[in-house]
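*Asks:* Would you mind keeping the following structure in view while I ask a few things?
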Amino acid sequence: MKKETLNFIQKYHMAEQGDGVIAGLSGGADSVCLLRILRCLRQELGIELRAVHVHHGLRGSEADRDAAFSEELCKELDIPFKTVRINAAEEAREAGISVEEAGRRARYRILEAEALLWEKDGRNHVHIATAHHGNDSAETILHNLFRGSGLKGLSGIPPVRGRIIRPILWAQRREILDWLRAHGYPYVEDSTNSGTDYTRNLIRNELLPVITSRINGQAVQNILRAGEHICEADRYLEKTAGEWVRQHAVAAAAGNAGTENSNETAVFMAAELLKEDRIIRRYAVRIILRELGCPLKDITARHIDSVLELLGKGTGKEVNLPYGMTAGIEYGRLIFSRGKEAYAMPDSIAGPERSGERAAARLDFQVFPRQNQQEIPKNQYTKWFDYDKIKDTLSVRNRQTGDYITLASGGRKSVKSFMIDEKIPRESRDAVLLLAEGSHVLWIVGYRISEYYKVTEQTKNILQVQTDGGTDSGR
């Protein structure tokens, strides 16, 4: 296990000498295996290792047992350890999502916050190690297949994504259990993992065992191998479509005449794109939109199809895409344009009625790729956020029950408590503008932004939000 894990870490350049690694530790078999192997390899890799356990506030005494076990294990192994407690059920209710999803989001939020704190303390690069293994990747492939995913979703779990690394992704679950038993290493078991309440558990505990026992005993290996082939195909199509995009970009439209495609506009001959196979067209459109700063998580198959339907149409036809992007046909040219998407504050979130004034604040949104040496704005009215951390639709509104911001510690603070601490007058609190993802507030406009959404060295795409301040925007 140790040799294979070392080779896997080195193959994917997961960590360099002097880096920090935070291991997510649940106390279960997978995370215990990961932690013990990383401890064995830390000198050879030249890394510093820490562990974080997230107590979800579920499962009563069983969860307390897991936290205590994790703490004792880290004492035994002389690894710095921290437990962070949350209320996953409450977070799920507030966000309108499943408890399972709320717990997953909270874990990544907390681990990210711990990594940022460590970097602020002087550690150059900090990685988050999770204990995903080959069976998890096979389950992901099946889950995405049933949801109608494209090729990327059928490629399985990536070994590296940003600061997240998965050192034992190469191993299968039975190999992990065999290794722990062979060495007599204890671990705890989550009783909910054996149920079928969640889709993942259903695939893990019922579907995969049936496939393995009744169809093919090598099903997991074969699914993973298929995922690798799909990943290769996806990379090839991405490369081929990318070459087409670079070779067929033409001078920009009127107003940008004589220039190459810019960060705001991209122009291609529609007839040239029509010559390509449909799958290359789809990939090309995705690449064009991505290079114009539209993150692909917001681009659906419907958006791609709407652009491709333009190719056989005449001048003047246009479709609207996320974040102010448009695609249209003009004299045989397919033109993509990116602008700002602005939201004026609606009447329902006007300023305090007692003043008789309306705080006519306006928020302008723009998404763009982060470039090296870009300095984060320090002024009061322009804020940057890590766009890729945003998973749901944003809203611009006033405060609601359950609203919170994330602190540097990874913990949460209610907006109500924040406003009290900031001595915002009670009669003014309902007039303060919030930018929020569900109950998670990105920006209390004029006051504070959430630590969770802050731009870091790992940020790839930036959401820039500007406000004109209105009549009273706080500080």
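The values are calculated or read from the model by the stated rules, or taken from the named source; none is laboratory data. Quick caveat, the model's predicted, so the values are computed rather than measured. We place every Cβ from the backbone using ideal geometry, glycine too, and count neighbours over all the protein chains shown.
*Asks:* Can you find even one residue in the range 318-334 that is modelled with pLDDT under 55 and part of a strand (DSSP E or B)?
*Replies:* Taking every residue of the range 318-334 in turn, none turns out to be modelled with pLDDT under 55 and part of a strand (DSSP E or B).
*Asks:* What single numbered condition from (1) farther than 14 Å from ASP190 by Cβ; (2) in contact with a helix residue (DSSP H, G or I) (Cβ under 8 Å, 6 or more places away or on another chain) fails to hold for LEU58?
*Replies:* Going through (1) farther than 14 Å from ASP190 by Cβ; (2) in contact with a helix residue (DSSP H, G or I) (Cβ under 8 Å, 6 or more places away or on another chain) one by one, LEU58 breaks only (1).
*Asks:* Six or more apart or on different chains, Cβ under 6 Å: which pairs go from a residue in the range 365-381 that's assigned by TED's automatic domain parsing to the domain that holds LEU292 to one that's of a type in the set (D, E, K, R) and at pLDDT below 75? Could you list them?
*Replies:* Partner pairs satisfying both residue conditions: none exist.
*Asks:* Can you spot a residue in the range 67-85 that is more than 26 Å from the chain's Cα centre (by Cα), surrounded by fewer than 18 Cβ atoms within 10 Å (Cβ to Cβ) and hydrophobic (A, V, I, L, M, F, W, C)?
*Replies:* yes
*Asks:* Six or more apart or on different chains, Cβ atoms under 6 Å: show the pairs whose first residue is in the range 140-167 and assigned by TED's automatic domain parsing to the domain that holds LEU116 and whose second is outside any helix (DSSP H, G or I) and surrounded by fewer than 17 Cβ atoms within 10 Å (Cβ to Cβ).
*Replies:* These pairs meet every condition: PRO159/TYR12; VAL160/TYR12.
*Asks:* I'm trying to understand the selection: among the residues of the range 64-89, which are of a type in the set (D, E, K, R) and either in contact with a helix residue (DSSP H, G or I) (Cβ under 8 Å, 6 or more places away or on another chain) or touching a residue at least 24 places away in the same chain (Cβ under 8 Å) (or both)? Working first, answer last.
*Replies:* Taking the range 64-89 and keeping what is of a type in the set (D, E, K, R), we get 64-66, 71-72, 75-76, 78, 82, 85.
ARG65, ASP66, LYS82, ARG85, listed by residue number.
*Asks:* Shifting gears a bit: Only one of SER61, SER26 is of a type in the set (Gly, Ala, Ser) and either crowded, with 18+ Cβ neighbours inside 10 Å or at pLDDT 95 or above (or both); which?
*Replies:* SER26
*Asks:* The conditions are (1) surrounded by fewer than 19 Cβ atoms within 10 Å (Cβ to Cβ); (2) more than 25 Å from ARG147 (Cβ to Cβ); (3) at pLDDT 90 or above, and GLY255 fails exactly one of them. Which is it?
*Replies:* With respect to (1) surrounded by fewer than 19 Cβ atoms within 10 Å (Cβ to Cβ); (2) more than 25 Å from ARG147 (Cβ to Cβ); (3) at pLDDT 90 or above, GLY255 is out only on (3).
*Asks:* Still on this structure, I have one more. Are any residues in the range 2-50 on the phi < 0 side of the Ramachandran plot and in a loop (DSSP other than H, G, I, E, B), and if so, which ones?
*Replies:* Let us first name the residues in the range 2-50 that are on the phi < 0 side of the Ramachandran plot, namely 2-12, 14-17, 19-26, 28-45, 47-50.
Across the range 2-50, the qualifying residues are TYR12, MET14, ALA15, GLU16, GLN17, ASP19, LEU25, SER26, GLY28, ILE47.
*Asks:* Please return the ranges of strands (runs of 3 or more DSSP E) entirely within the range 402-451 where 2 or more residues are surrounded by fewer than 18 Cβ atoms within 10 Å (Cβ to Cβ).
*Replies:* 412-414
*Asks:* Identify the single condition in (1) at pLDDT below 90; (2) touching a strand residue (DSSP E or B) at 6+ places or on another chain (Cβ under 8 Å); (3) not in a loop (DSSP other than H, G, I, E, B); (4) not small (Gly, Ala, Ser) that LEU273 does not satisfy, given that it satisfies every other one.
*Replies:* Condition not satisfied by LEU273: (1).
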